[in-house]
Amino acid sequence: MTEHNPHFLQMSAETMGKSLLEGLIQEIRLMPDCWQKLSEAKQNDVIERLQKQVTHAVGRAVYMIEAADRKTAYGKLESVAVKDQVKAVLVIDTHSPCKHDLMDAVRQNCLIILGGADDYLEEMDQVKGEPDQNAMDLNGGDADLSEDGAWGPDMDAAEAEFIDMPAIGVEKFGGHTFGDVCRWITMTLTQLDAAKLQSRFAISLADAQRLILLLLDEGVIVIETEAEETADNTYKVVKGVKDIDINLE
């Protein structure tokens with residue numbers, strides 16, 4: 001779960017709607033399967049990732065609307081000290097477009113506008129995945145499967161046809177688990193891109209991009225250079241094999 005979707009990172013006021021739509025479409029493309037086939041846990045993973053992306057996107061949108069045409073730098077108010085004067089410490093976001101102008105404004109009068117995305121994000125935590133269907137509740141809730149009608153009209157339990165359902169397994173990429181991928185990357189690479197993952201694991205670009213998002217979420221890699229196309233981004237490996245959770249799948 002991460003805030004690295006480039007469509008959300010590179011929004012402008014004029015194309016905000018387009019960026020939001022493209023960002024959500026990108027997240028849908030990276031889903032491991034269609035929504036109905038995902039377990040509740042997998043659905044919650046997708047919701048958590050989308051929640052972080054939407055939170056970031058709303059923050060950017062609020063900033064752009066409130067900033068209008070002014071020179072602004074956005075960040076977080078870290079602390080306020082009140083003595084003879086009121087002194088505030090601001091931590092400016094590294095993506096803030098006017099952070100260099102802020103340096104030139106030292107000892108000059110500035111206007112601080114208090115605001116953020118929190119006022120527009122209420123009840124997001126109430127969005128949850130759909131509960132998994134209880135495998136033993138296939139007859140509409142009858143407690144006794146031997147009762148008449150438990151297996152459907154005019155059908156004896158002994159004659160019921162059972163359908164083998166595929167087991168829900170660990171998600172794999174070219175036959176390798178996510179843990180396998182993490183260990184290979186941390187043992188062999190210092191830099192990474194989607195093409196390298198495609199070549200090494202014989203996977204599609206969509207699978208490679210999903211792997212990259214998972215690696216960003218786990219803190220295995222960080223963005224090194226952002227290209228015009230997401231697929232051309234390069235990433236720096238920042239974790240070693242000893243830092244990887246041995247139970248990671």
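The values are calculated or read from the model by the stated rules, or taken from the named source; none is laboratory data. Given the structure is predicted, the values throughout are model-derived calculations rather than measurements. Glycine gets a Cβ as well: all are built from the backbone with ideal geometry, and neighbour counts include every protein chain shown.
From the list V238, V220, the lone residue that is among the β-branched types (V, I, T), buried (at least 18 other Cβ atoms within 10 Å of the Cβ) and at pLDDT 90 or above is V220.
Yes/no per residue for (1) under 22 Å from R49 (Cβ atoms); (2) not acidic (D, E):
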site: D180; (1), (2): yes, no
site: D193; (1), (2): yes, no
site: R200; (1), (2): no, yes
site: S204; (1), (2): yes, yes
site: R210; (1), (2): yes, yes
site: L214; (1), (2): yes, yes
site: D217; (1), (2): yes, no
site: I221; (1), (2): yes, yes
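Note on region 89-124: among residues that are assigned to a helix (DSSP H, G or I) and among the charged types (D, E, K, R), the one that is farthest from the chain's Cα centre (by Cα) is D104. Residues of region 48-88 that are part of a helix (DSSP H, G or I) and small (G, A, S): A57, G59, A61, A67. Scanning region 1-57 for residues that are modelled with pLDDT under 80 and of a type in the set (G, A, S) returns S12, A13, G17, S19, G23, A57.
Of all residues in region 143-197, exactly one satisfies the criterion of being at pLDDT below 55, in a helix (DSSP H, G or I) and not hydrophobic (A, V, I, L, M, F, W, C), namely E159. Residues that are among the aliphatic types (A, V, I, L, M) and surrounded by fewer than 18 Cβ atoms within 10 Å (Cβ to Cβ) within region 39-56 comprise A41, I47, listed in sequence order.
Among the residues of region 176-212, those identified as surrounded by fewer than 18 Cβ atoms within 10 Å (Cβ to Cβ) and of a type in the set (A, V, I, L, M, F, W, C) are W184, M187, L189, A195, A202, L205, A206. Of all residues in region 92-138, those being of a type in the set (K, R), modelled with pLDDT of 80 or more and farther than 20 Å from L50 by Cβ number 1. Pairs linking a residue in region 16-37 that is not assigned by TED's automatic domain parsing to the domain that holds D207 to a residue that is of a type in the set (S, T, Y) and in a helix (DSSP H, G or I), with Cβ atoms under 8 Å and 6 or more positions apart or on different chains, are Q26/T230.
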